[in-house]
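Enquirer: Quick one: structure below, then a few questions.
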Amino acid sequence: MKHLLRSAFLLLALGAPLAARASTPESAPVSALDAALLATMRAASAGQSFAARYAALDKVVKQTYNLPVVTQNSVGFSWSTLPAAQQQQLAALFEQFTVASYVSQFTGAGVKFDLLPAEKSLGADKIVQTRIVPAGGSDPTEIDYVLANGPAGWRITDVLLDGTISQVAVHASDFSSLVSAGDASKLIAALRAKITTLSGGALTPSGS
């Protein structure tokens with residue numbers, strides 16, 4: 001599990017975003033997520049428990065991400081071969097992992113998050129560009145969000161570090177050794193362990 005979900009950790013280790021005003025429907029989920037992460041950091045500074053911060057952020061993540069699509073694409077081609085019960089377990093665990101990762105990492109302050117006005121098209125999808133500017137004048141880091149429009153509106157389906165490194169693609173690569181045709185038990189176990197570690201035991205992994 002050496003490289004499991006390294007893309008997520010790269011993203012989350014960068015620091016705290018500063019909420020920006022959304023100017024388009026597709027940028028609204030990104031702006032909402034940034035504002036929620038800022039609130040998460042403030043709550044951490046005020047001493048709020050991990051569980052309370054998780055509960056507040058979980059609502060926003062579910063509203064801004066298309067988690068079913070992200071989960072399926074992260075598991076990769078083996079998804080369709082998995083039993084329905086394992087698919088349901090993975091969906092629940094991936095949500096917990098995503099939110100727990102954010103909560104465990106977004107505990108400090110001191111960086112600026114810019115929502116850039118320029119957007120790109122990727123077929124029918126949109127790429128909303130953002131920039132993390134560290135305190136002290138260090139070089140900014142580009143983090144872009146891929147969003148797709150659906151019945152629930154625009155939702156995040158991927159995150160691009162430095163504008164090019166797909167979080168979903170890295171997940172699919174890392175998960176490949178933990179999933180075989182018809183069986184994701186190793187990945188399920190790995191995600192459960194990671195959720196417990198990230199939350200310091202504050203969360204009970206789904207299905208445990």
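Enquirer: Do the alpha carbons of any pairs in LYS126/LYS186; LYS62/LYS126; LYS59/LYS194; LYS120/LYS194; LYS62/LYS120; LYS59/LYS126 sit beyond 26 Å of each other, and which pairs?
Expert: Distance filter (> 26 Å) returns LYS126/LYS186; LYS120/LYS194.
Enquirer: Also, quick follow-up: May I ask you to work out the translational diffusion coefficient for the chain at 37 °C, viscosity 0.692 mPa s, via Stokes-Einstein with Rh from the Kirkwood sum over Cα pairs, reported in whole µm²/s? It would help to have the intermediate numbers written out before the result.
Expert: Details: Rh = 17.4 Å.
Translational diffusion coefficient: 189 µm²/s.
Enquirer: Can you give the calculated 222 nm mean residue ellipticity of the chain, where each DSSP H run of n ≥ 4 adds -39,500 (n - 2.57) and the sum is split over every residue, rounded to the nearest 500 deg cm²/dmol?
Expert: -14500 deg cm²/dmol
Enquirer: With 10 angstrom as the radius, rank LYS126, LYS62 by how many other C-beta atoms surround their C-beta, starting from the fewest.
Expert: The most exposed by this proxy come first: LYS62, LYS126.
Enquirer: Set Lys and Arg Cβ to +1 and Asp and Glu Cβ to -1, take the dipole of the stretch 6-199 about its Cα centre, and tell me which of VAL168, ALA92, GLY76 lies farthest positive.
Expert: ALA92
Enquirer: Rounding to the nearest 10 and keeping the result within 0 to 90°, find how far the Cα-based axis of helix 50-64 lies from the longest principal axis of the chain.
Expert: The angle comes out at about 90 degrees.
Enquirer: Remind me, relative contact order of the stretch 104-190 in percent, using alpha carbon pairs under 8 angstrom and six or more residues apart? Kindly include the intermediate steps, with their values, before the conclusion.
Expert: Values: 128 pairs, mean separation 13.9, N = 87.
Across the stretch 104-190, relative contact order equals 16 percent.
Enquirer: What is the helix-to-structure angle for 84-105, meaning the angle in degrees between its Cα long axis and the longest Cα principal axis of the chain, kept from 0 to 90 and rounded to the nearest 10?
Expert: The angle comes out near 30 degrees.
Enquirer: Something else about it: May I ask you to derive the FRET efficiency for ALA85 and SER166 from their Cβ-Cβ distance with R0 = 25 Å, giving the value to the nearest 0.05?
Expert: After rounding, the FRET efficiency stands at 0.30.
Enquirer: In whole percent, what relative contact order does the chain give with Cα contacts below 8 Å and a gap of six or more residues?
Expert: RCO, the chain: 27 percent.
Enquirer: Give the calculated FRET efficiency between ASN149 and LYS112 to the nearest 0.05, with a Förster radius of 25 Å applied to their Cβ-Cβ distance.
Expert: Efficiency, rounded to the nearest 0.05: 0.30.
Enquirer: How far apart, in nm, are two points set 7 Å out from the Cα along the Cα-to-Cβ line at LEU122 and at PHE77?
Expert: 2.1
Enquirer: Oh, and also: Helix 28-45 versus the longest principal axis of the chain: what is the Cα-based angle in degrees, 0 to 90, to the nearest 10?
Expert: 90
Quick note: the coordinates plus some simple rules give every number you see, no bench work behind them. Note that this is a predicted model, so its numbers are computed, not measured. So basically every Cβ, Gly included, is an ideal-geometry build from the backbone, and we count neighbours across all protein chains shown.
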